[in-house]
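What follows is a single structure, written as structure tokens, with notes after it.
The values are calculated or read from the model by the stated rules, or taken from the named source; none is laboratory data. For clarity, every value in this text was computed on a predicted model and none was experimentally measured. A quick note on method: Cβ atoms are made from the backbone with ideal geometry, for glycine too, and the neighbour counts reach across all protein chains shown. These accessible areas exclude ligands, DNA and RNA; they are computed on the full protein's heavy atoms, side chains included. Shrake-Rupley method; radii C 1.70, N 1.55, O 1.52, S 1.80 Å.
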Amino acid sequence: MVGIGVVLGGCSTPAPEVEKTPSVVSEAPSPTSTPTPVPTGPVKPERPADMDRTDEVGAAAAATYFLELYPYVMATGDLEEWERISLVDLCEFCVKVSADVASQQAARTTYSGGDVEVDVTKTYPLDTLLGAFPVDVVLSQDASVLADEGGTVVESSESASGPLRVEVMNDGVAWLLLEVSTNMPTS
């Protein structure tokens, strides 16, 4: 992994001397300047307002949110929201994510990277047999690393992009994740 410091650190040309002029330092901060908080770690995605809808638009928003939640869950081990949205009795993907987090915690490894971008390509009407909305997406995921306590990389994955089928259902109270699959039926 190459960081910005490594790339820029190779320059050996000294910086030209610049005439220094005294600067004035104000004791009081400007009344209009507000410090911008700097994120200290993975940021939990914001739940989209469209998830309040119970139609195809709500289904697409839920599918996107659930996939965006994945890297946060993997990096933080915070399973509260994940378990609330997962249909663990039916969703193999959901169970695998929870098991992966438990395994990471037991091994004291840390997940980083893996940010995702979700592009919804098609949302289907309610499948009355399943009671779920199938949502086709193209998921682009950044490279990720699993490292031990000393920072040694235990496992890594390259960035990848590909189609997924996400099935979500609304139980009348909230959206739930039924399954995420790479096996997409032809339609």
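Listed by first and then second residue, the pairs with beta-carbon distance under 9 Å, at least 6 apart or on different chains, first residue in the range 136-153 and under 30 Å from Y124 (Cα atoms), second basic (K, R) and open to solvent by 30 Å² or more (accessible area, probe 1.4 Å), are D136/K122; V137/K122. For the range 67-93, the candidate set comprises residues that are open to solvent by 40 Å² or more (accessible area, probe 1.4 Å) and of a type in the set (S, T, Y); within that set, the residue that is nearest to D136 (Cα to Cα) is Y70. There is at least one residue in the range 94-109 that is part of a loop (DSSP other than H, G, I, E, B), at pLDDT 95 or above, touching a Leu at 6+ places or on another chain (Cβ under 9 Å) and open to solvent by less than 50 Å² (accessible area, probe 1.4 Å).
Among strands (runs of 3 or more DSSP E) entirely within the range 115-187, having at least 2 residues that are open to solvent by 40 Å² or more (accessible area, probe 1.4 Å) and not hydroxyl-bearing (S, T, Y) singles out 116-123, 133-141, 153-157, 160-170. Filtering the range 110-133 to residues that are over 24 Å from D148 (Cβ atoms) and out of contact with any Leu (no Cβ under 9 Å at 6 or more places or on another chain) leaves V120, T121, K122, T123, Y124, P125, L126, D127, T128, L129.
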